[in-house]
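The values are calculated or read from the model by the stated rules, or taken from the named source; none is laboratory data. No experiment lies behind these values; they were computed from the predicted model shown. All Cβ positions, even for glycine, are placed from backbone atoms using ideal geometry, and neighbour counts span all protein chains on display.
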Amino acid sequence: MTKKDRYAGVIHWFEQNMPIVETELRYDSPFHLLIAVILSAQCTDKRVNIVTPPLFQAYPTPEVMAVSTPDAVYEYIKSVSYPNNKAKNLVGMARKLVDDFGGKVPGTLEELESIPGVGRKTANVMLIVAFDKPAMPVDTHVFRVSNRIGLTDDSKSPQQTEKELIKHIPAKYLSRAHHWLILHGRYICQARKPKCEECGLTPYCKYFAGN
Ligand code: SF4
């Protein structure tokens, strides 16, 4: 199977079977999405969604969080992973937004990456989810599933995966493809034992063909 056919088959299958996909993180503004995405690093969306409602209520805007302290923020997020670091990053992020971006979340990769706690993956999530720009955030699921299916050729780094997926997936599908691959990795093509018997992608999957 050519790479082109594989991509076409996978996109078609997802389009038919998972037409509407959204992030599972709950948020009501770009600022709150950025908080949720920072909190979600090495933590489940479910856990993040438990801590964010009171956190969002206490910190409705970057201005309010900018004058707070990491200790105060920590009290709201202590049940997520790495709460000390994340509390520090959240206050640093809010101060940066107020100081350099007029209290708004900026919409370019370069500006986003200049914010404390925001790496390339988080910046790409913001571009795709908050600003609807073509981007491909690569997390552990996207990385693994792309290699298994054969969308990437035994990619060795998230950056390589990002580059290959952006090259082959038409721009209009990128945002959905990001969610498709994450959800597929989370529920079907799981790390330890992929559920191939439940998977509709077997006709296109390199891993399945080799087993
Ligand atoms: S067939 Fe198996 S390995 Fe391939 S995508 Fe589906 S679950 Fe993953």
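Here are the numbers for this structure:
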{"quantity": "Scan of region 39-54 for residues that are touching a helix residue (DSSP H, G or I) at 6+ places or on another chain (Cβ under 6 Å) and in contact (Cβ under 8 Å) with a residue 40 or more places away in the chain, ordered by number", "calculated": "Leu39"}
{"quantity": "Checklist (1) of a type outside the set (Ser, Thr, Tyr); (2) farther than 23 Å from Gly119 by Cα; (3) touching a helix residue (DSSP H, G or I) at 6+ places or on another chain (Cβ under 7 Å) applied to Ile20, failing item", "calculated": "(3)"}
{"quantity": "Matching entry among Ser155, Ser146 (being touching a Leu at 6+ places or on another chain (Cβ under 9 Å), within 16 Å of the ligand (Cβ to nearest atom) and not aliphatic (A, V, I, L, M))", "calculated": "Ser146"}
{"quantity": "Yes/no for Thr152 being among the polar types (S, T, N, Q), modelled with pLDDT of 95 or more and under 20 Å from Pro203 (Cβ atoms)", "calculated": "yes"}
{"quantity": "Residue list for region 128-142, filter: surrounded by fewer than 20 Cβ atoms within 10 Å (Cβ to Cβ) and either part of a helix (DSSP H, G or I) or at pLDDT 95 or above (or both)", "calculated": "Thr140, His141"}
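Every residue, every condition in (1) in the same structural domain as Pro83 (by TED's automatic domain parsing); (2) under 20 Å from Gly102 (Cβ atoms); (3) of a type in the set (D, E, K, R), yes or no:
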| site | (1), (2), (3) |
| --- | --- |
| Ala36 | yes, no, no |
| Ala41 | yes, no, no |
| Asp45 | yes, no, yes |
| Ile50 | yes, no, no |
| Leu55 | yes, no, no |
| Ala58 | yes, no, no |
| Pro62 | yes, yes, no |
| Met65 | yes, yes, no |
| Ser68 | yes, yes, no |
